[in-house]
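Working notes, structure below.
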Amino acid sequence: MEGYVTVEQMLEFREMKAAIQEELLRCCPGSVITALGMNIPGPRKTSEEIQAAFEAGVEALKETFRREGIHIAGQRSLAVQAGSVMFYALSCPGAAYVKKLTVYLEETHPLGRLFDIDVLWPDGKGISREALGLPKRRCFLCDQEAKICGRSRAHSVEELQQAVQEMITCWMESRTDSSMQIVKLVPSMRSKGMQTRSITSGMMQPAAQQGDNHGGDVQRNMQRSKVWQDSMRHNYAAQ
């Protein structure tokens with residue numbers, strides 16, 4: 001079926017991602033490698049809506065780097081039927097610092113549950129949420145750990161795809177003419193005098209504690225995000 005990917009294509013996609021990461025590690029030694037992709041369940045990985053969500057993630061991540069003063073030493077992009085990924089080689093304080101920033105983005109952006117952001121140490125080893133004591137990713141439809149639901153196939157592909165579509169639709173309907181409302185989502189830790197440790201405490205609690213049923217989950221998440229964005233705009237105005 002048109003637009004659907006095979007297992008072989010997904011395996012090739014993973015190999016292509018690994019090759020690009022290795023290239024950046026060679027070209028930019030000592031850099032932290034960050035890769036933004038999309039967490040899309042089911043065999044169809046690309047569409048106009050998914051691409052728009054991906055581009056929003058790219059802009060939000062770049063804005064995060066800019067506000068934190070993180071230099072991008074190199075970047076690569078990959079766009080095939082199996083998905084899109086943006087890679088960055090970063091000159092920054094360390095992989096743990098970047099991982100906390102990306103987890104915060106995943107937990108607070110209206111589309112954050114769809115973002116899949118990997119962070120690698122300069123030696124090529126990935127860094128996990130668990131290694132930093134950060135909350136594990138939750139399922140689209142329930143409060144269970146996403147990996148547990150995935151392994152047990154607790155939800156059908158159709159249910160997961162519907163959740164993704166609703167999330168993107170709510171986001172698209174909530175956008176205003178000001179694109180900066182979308183890209184300026186992560187506040188600067190340095191400018192606010194915040195410690196990176198704070199990401200693991202109060203800031204992460206709203207997303208980590210979500211236990212609502214899916215019936216109103218997407219809309220409630222959007223409402224929470226709207227409140228959060230309003231507070232961020234107030235902070236920017238005060239700077």
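The values are calculated or read from the model by the stated rules, or taken from the named source; none is laboratory data. Remember, predicted model here, so these are calculated numbers, not experimental data. Here the Cβ positions follow ideal geometry from the backbone for every residue, glycine too, while neighbour counts run over all protein chains shown. Only protein heavy atoms, including side chains, enter the accessible area calculation; ligands, DNA and RNA are left aside. Shrake-Rupley method; radii C 1.70, N 1.55, O 1.52, S 1.80 Å.
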* Say we look at the stretch 71-101 and pick out the residues that are open to solvent by 50 Å² or more (accessible area, probe 1.4 Å) and not hydrophobic (A, V, I, L, M, F, W, C); which of these is farthest from Glu49 (Cα to Cα)? -> Pro93
* Asked: Does Thr64 satisfy the condition of being under 28 Å from Gly150 (Cα atoms), in contact (Cβ under 8 Å) with a residue 12 or more places away in the chain and among the polar types (S, T, N, Q)?
  -> no
* To do: Return the residue satisfying two criteria in turn: it lies in the stretch 44-55 and is in contact (Cβ under 8 Å) with a residue 40 or more places away in the chain and open to solvent by 10 Å² or more (accessible area, probe 1.4 Å), and of such residues it is farthest from Tyr4 (Cα to Cα).
  => Ala52
* Looking only at the stretch 19-38, count how many residues are closer than 27 Å to Gln161 by Cβ and hydrophobic (A, V, I, L, M, F, W, C). => 3
* Any hit, the stretch 5-16, residues being among the β-branched types (Val, Ile, Thr), open to solvent by less than 90 Å² (accessible area, probe 1.4 Å), modelled with pLDDT under 95 and in contact with a strand residue (DSSP E or B) (Cβ under 8 Å, 6 or more places away or on another chain) -> yes
* Can Glu63 be described as more than 24 Å from Gly133 (Cα to Cα), open to solvent by 60 Å² or more (accessible area, probe 1.4 Å) and not hydroxyl-bearing (Ser, Thr, Tyr)? -> no
* Structure fact -> Note on the stretch 111-155: residues modelled with pLDDT of 90 or more and surrounded by fewer than 14 Cβ atoms within 10 Å (Cβ to Cβ) are Asp123, Gly124, Lys125, Ser128, Glu130, Ala131, Gly133
